[in-house]
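This report concerns only the one structure given below.
The values are calculated or read from the model by the stated rules, or taken from the named source; none is laboratory data. This is a predicted model, so every value here is computed, not measured. Heads up, the Cβs are rebuilt from the backbone with ideal geometry, glycines too, and the neighbour counts pull from every protein chain shown. Protein only, heavy atoms only, side chains kept; ligands, DNA and RNA dropped before computing areas. Shrake-Rupley method; radii C 1.70, N 1.55, O 1.52, S 1.80 Å.
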Amino acid sequence: MDKTYVKSVLEGLKSSSSKRIQESLVKIKSTIIINDKGIKSFRESGGIEYLLPHLRKPNERILDLSLSILGNVCLDEKCSLLIGKLNSYGPLVSILNTVCRDSIVGRTSRVIGNLAQKLCNAEHLHNFGAVKALLEVINNRDKSTSYATLTMAVRAIRQLWMVKDKRDEMLRLHAVQSVSILLTTECESIGIIKSSTGKEIEDPKRSQDDLIVGILKCLGYFTTYLVGNCAEQIQGDGRGYLCLVALTKRHETIALKCLMNLCYLSTCRPVLGTAGLVECLVSIIQKKHATDMAWWPDGAAKALAQLSGEAVNRSRLRRSGGLSLLVTAARDNAHAMHALLQYVFDDSSFQLLIQQGLVGLLTDKLTDHISTMEFEHNFTIGQNEAVKRKEKHKNESIAVYDMVVSNIAYREKGFFKRSKSKLLSETEDDLKVVIERDNMIVGFLDAIDSDDSNLSDSDEGTSSQRKRSLKRKSHFVKMASKDWSSGVFWEPKSPEWPSLFQQFPSDKSPSRDQGPLSPASEGSADMSPDYRGSLSKKSRWDWSPDSGASMGEGSSTSPYWTDNQWSPGSSGPSSPFSINDESSDSEISGRYSPVCSEDDGDEDQKKTSTNAIAELKATQIAQELDTELTIEDDSSDEKALAEDISKCKIDMKSKSSAMACVMVLMFRVTHGTCTTCGSIRDDSVPNHLTDLLTSRECLHGLLDYVERCQRPMGRAARILVRIVSNHLCLLNLLRHRIPLRLHQMSVRSKHPTDQCIQCKQINKFSSKLLTQLSLKAESSYGIGKISYHLLKGTTSMKQTLSLTLPYFVRTEKVLKKYLIDCNGLNLLFSSIAEAKEDIDDCVTALVKLANNVHIKDPKILENRYRSNVHVTYDPILDNLAPDDIVTFQLDDSSTVKANKVFLCQHSEVFSAMLMGQFKESIEKCVQIKNVSKPALEHLFTLLQCGLNSSKNDIEIFPMAEELETNLEVLLLADRFLFDKLKEFLSSAILQFQLAPDTADKMYIWSLRDGMGFLCVESVAYLLTGQMSEAERVKSFQNILNLEYKDQLLEDIKSMLLRQLIK
């Protein structure tokens, strides 16, 4: 644009004639500042300096035009800064305070709003009292005040709100309350909320609707500064929240965002629930797409989670159908997942969650976690590493829950001294999670110890150690306790916390120091009436407090609680008597539970007789599982204790945090489904719930987690205890072949058990579960169910039962019922013969069965000789006449010489052969068929040692080096009627040469050449001999791959049957 023209027009502003000034102003507005180039020319020609003096003139027409031009040009960043430098703030505020004309007030408000987009201008406007002047416009409005003026005033207040240091001052001026009351008044005028006049709802005018939208935008930014005073002022005259809820029908996105931001403040949520937010939010989500979170309003999942923090809103969520939405949200949202913990204390709500698919959700979460989970065992961790680990935690920063720690640590010293070592952890992956519930801080701690298991798991120990263990008996953390809430700790929310945690969330407002200042840009949430453009929807409505706050791990429902720590030892309200109270259910105990539960009694104090111990009961096994680990009772000074507790950092979005939620919820599910020490629920449990809890994915997921986690005896273990202890779960456990998995866990480990605490615990825990499963299978209920399925069940179920029963059924009477009366043995051998099952599982089943029916290892029965020695044959023919020497010629033409007289004296066969009427008696060289030279020579050696005499007392047996030789000698002893020698040699072979690598060879020889000698002993050793599973399976495979497969199975079956029916 021609600068000459611009300057000529500006010259008119110097005129003393009001008419010419007005004409110049009109030209500037209509021809010069119509685009960016024109604004630039206007600024460079000194137009702003010419324009500002007219703000002080009394001519309202000139003032009106000047404000209009000023409002447009200050959208340019350089113009805005220049206007501020020329000290225009005072005149603008003065106009608001002195001029009554509506259009002038509106344009002045617009100029202030546009200038305030630059932070430095906004700060100066605050200093000149712009906020107070704008509030006067709003509060002193009358019928002459237009909606456009009010809209501009509200927008200016919103822009001034961006100066964070001035927000408290604005609250003292009741700026938020004034805007909120304005909204309430406008909604009342069109019937959106009820009024005393009972006005019906009508459509607002366009300008009135723009005002409502502008107020909602302003409230949206107010809600990013969540302090009690601000939230209280948003309530206005008491109907502010109600008005926002009602406006969701017309302006859903903006109004809902304001409401969801308010949800971050715990004091607001009950009032929001009363205003109908819960029903409103649930209705909005259900209308969109309840099962697909992609269609939900942004932040809706977090809002549902936050609203679950108070009892009144939990009740509303339950009645309005919001629990199903919470389950859906929990699949992808960590806040919603933590919010589910709010319902574990409400049985009716929790049952609804289960009906809505909670168990499936937990199973999926567990399966996903296991797919990426590494082993977390403390394998070969040395003392130096442990010290380094402690130092690492010592250097970590102390965060939010220090106050909880200090409140509890010094008030509940007795409890902390008892539980110090195990409620505290030296690892960062402990399962602990915190929620804020009804103005209480609730901590869920996986309090079962696994680090000092050697104190209780050790098979060896001094009497003093045993005494210490007994002394700590009252401090045991129960794994299968009736009180499901073991490990749940409570602490009242301190009134001092709000001042401690006021780290205000980011309002995500546009930076006032970057980007264009035009309201049409992303830097503004409103648009000037004279300068509109497109606006990013995402940036416009993104007001959520920028914190990870939610009810969950490391965070309360307050938006300021981010990256918090919590005290795993947090307890409930203190009492002077709680220090020495040991009961977790006591009302005066620091560890009270809000769930009413039956009294556990004094089971731990009861003594059982020797006869009673022989008959295992379910409760006894559960108690053994309970006392696998104990809590260290060592005391330390309280200062060090508080420091240790404060270092338990929690990240709500971490994998360990998510698993903490999963385990707490799943354990709560078992409380209503499974029983350990008796009946917990009087009402019947739906079968489908039991089926879900005992699905293959859930069971194997829990077992996988126990195998890999750092604390195997935590909640996952208690969940398994409850499931295994429930008779209703028995068939599903067998259907999914859990006994096979438990057996593998009991005999195999990732690391050597003497070097890995976790592996040792897993082995023992799995054995305990198998014992518990055995008790259920041998009960009247178990016998009836299993027998029915063995006789009438499906083919696959029969096959599964026949394979799994030997793993855990140990009583011969019950085994006879299952295997003989119900045909289980035939089913098992049929599966093996037809190769329907894995050979490893089948062999283990046979071995277990053999041990249960007391088939003995033949090797341990033979202990006749002290040792053995290898000898060579010496015929001792010196000083013998030629006629007393006999030579035996063998099949390979080799010869063996022997003492004829000696042979005839010890064998009737040789006597008849060499001294009788046979032709051999007159021959010097006697032919013998089917004999090898080493075997014949060793036979003569054994005879020379006197082993064919019943009076033989030899302790060191002379053995041939090769097994084949000894076996052939055994046949020769039978052939030549050396009965005693045969007996002694058989014992020696079993004692010295029956081994894992020879048992299959011995059995094959017995069937092929040995006429059945040592056949039974070989089979018994294959079943019960000491060898690894791999060696046993290999031996079985060597036989089963030959033509002796059927004979082996028949021999094993006959042996088992003899034991079962004897």
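With the contact rule set at Cα under 8 Å and sequence spacing of 6 or more, what percent relative contact order holds for the range 128-282? Please report the intermediate quantities before stating the final value.
Numbers: 166 pairs, mean separation 34.6, N = 155.
The value is 22 percent.
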> Where q = 0.11, 0.15, 0.25 Å⁻¹, what log10 of I(q)/I(0) comes from the Debye formula for the range 946-1036, counting one point per Cα?
Replying inline: -0.32, -0.57, -1.29
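Please compute the contact order of the range 872-974 in relative form: average sequence separation of alpha-carbon pairs under 8 Å and at least six residues apart, divided by the residue count, as a percent.
Working: 105 pairs, mean separation 26.9, N = 103.
Relative contact order of the range 872-974: 26 percent.
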>> Modelling each spin label as a point 7 Å along the Cα-to-Cβ direction, I'd like the residue 880/residue 753 distance in nm, to one decimal.
In response: 5.8
>> Quick check for you: which residues of the range 51-69 have the amide N under 19 Å from the point 7 Å beyond the Cα of residue 31 toward its beta carbon?
In response: 51, 65-66, 69
> Taking θ as phi - 60°, what are the ³J(HN,Hα) couplings along the range 297-312 by the Karplus curve (6.51, -1.76, 1.60), each to the nearest whole Hz, with x for Gly and Pro?
Replying inline: x, 4, x, 5, 5, 4, 4, 4, 5, 5, 5, 7, x, 10, 4, 5
> Using modelled amide H (1.01 Å from N, peptide plane; none on Pro or chain starts), what sits under 5 Å from the amide H of residue 927, excluding residues fewer than 5 places away?
Replying inline: 889
>> If I take R0 = 60 Å and measure r between the Cβ atoms of residue 929 and residue 368 in this structure, what FRET efficiency does the formula 1/(1 + (r/R0)^6) give, to the nearest 0.05?
In response: 0.25
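Under a Cβ-Cβ cut-off of 12 Å, what is the net charge of the residues other than residue 884 that fall near it, where Lys and Arg count +1 and Asp and Glu count -1? Write out the running numbers ahead of the final one.
Numbers: positive: 897, 900, 924; negative: 878, 883.
Net charge in that neighbourhood comes out at +1.
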> Along the principal axes of its C-alpha atoms, what lengths does the range 47-131 span, in descending order and rounded to whole Å?
Replying inline: 30, 27, 17
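Heavy atoms only, probe 1.4 Å: what % of the accessible area of the range 53-117 goes to carbon and sulfur, would you let me know?
Working: 1140 of 2200 Å².
Answer for the range 53-117: carbon and sulfur cover 52 percent of the accessible area.
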> Going down the list 897/951; 750/1034; 933/980; 764/1062; 929/980; 40/118, which pairs span over 29 Å between their C-alpha atoms?
Replying inline: 764/1062
> Under a Cβ-Cβ cut-off of 15 Å, what is the net charge of the residues other than residue 740 that fall near it, where Lys and Arg count +1 and Asp and Glu count -1?
Replying inline: 0
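Let me have the relative contact order for the range 799-864, percent, based on Cα pairs under 8 Å that are six or more residues apart. Present the calculation step by step, with values, prior to reporting the outcome.
On the way: 39 pairs, mean separation 29.0, N = 66.
Computed over the range 799-864, the figure is 44 percent.
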> Along the range 334-345, what does the Karplus equation 6.51 cos²θ - 1.76 cosθ + 1.60 (θ = phi - 60°) give for ³J(HN,Hα), rounded to whole Hz, x for Gly and Pro?
Replying inline: 5, 5, 5, 4, 5, 5, 4, 5, 4, 9, 5, 8
> Pulled fully out, how much extra length does the chain show between residue 17 and residue 795, if you take 0.36 nm times their separation in residues and subtract their Cα-Cα distance?
Replying inline: 269.2 nm
> Using 0.36 nm per residue, how much length does the chain from residue 168 to residue 103 gain when fully extended, once their Cα-Cα distance is taken away?
Replying inline: 20.4 nm
> Under a 5 Å amide H to amide H cut-off, with H placed in plane at 1.01 Å, what residues pair with residue 437 once short-range neighbours are removed?
Replying inline: 442
> From the phi of every residue in the range 811-825, what ³J(HN,Hα) in whole Hz does the Karplus formula 6.51 cos²θ - 1.76 cosθ + 1.60 yield, where θ is phi - 60° and glycine or proline is x?
Replying inline: 7, 4, 5, 6, 4, 4, 4, 6, 8, 9, 5, 9, 6, x, 5
> Classify the range 96-240: rounded, prolate or oblate, from the alpha-carbon gyration tensor (a ≥ b ≥ c, eigenvalue square roots; a/c under 1.5 rounded; otherwise prolate if a/b is larger than b/c)?
Replying inline: oblate
> Hey, what's the range 970-1022 come to in accessible area per residue, 1.4 Å probe, Å²?
Replying inline: 34
>> Students often get this wrong: which residues of the range 305-329 have the backbone nitrogen under 11 Å from the point 7 angstrom along Cα-to-C-beta of residue 348?
In response: 315-316, 318-319
>> Under the rule of at least 5 residues apart or a separate chain, name every residue whose amide H is placed under 5 Å from the amide H of residue 959.
In response: 869, 870, 871
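Residue 208 to residue 286: extension gain in nm, 0.36 nm per residue of separation minus the Cα-Cα distance?
Numbers: separation 78, 0.36 × 78 = 28.08 nm, distance 3.01 nm.
Full-extension gain reported as 25.1 nm.
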>> For residue 61, project a label point 7 Å along Cα to C-beta. Then give me every residue of the range 89-103 with its amide nitrogen under 19 Å of that point.
In response: 100-103
> For the cross-link pairs 27/57; 164/205; 859/1001, which exceed 23 Å when the distance is taken from alpha carbon to alpha carbon?
Replying inline: 164/205
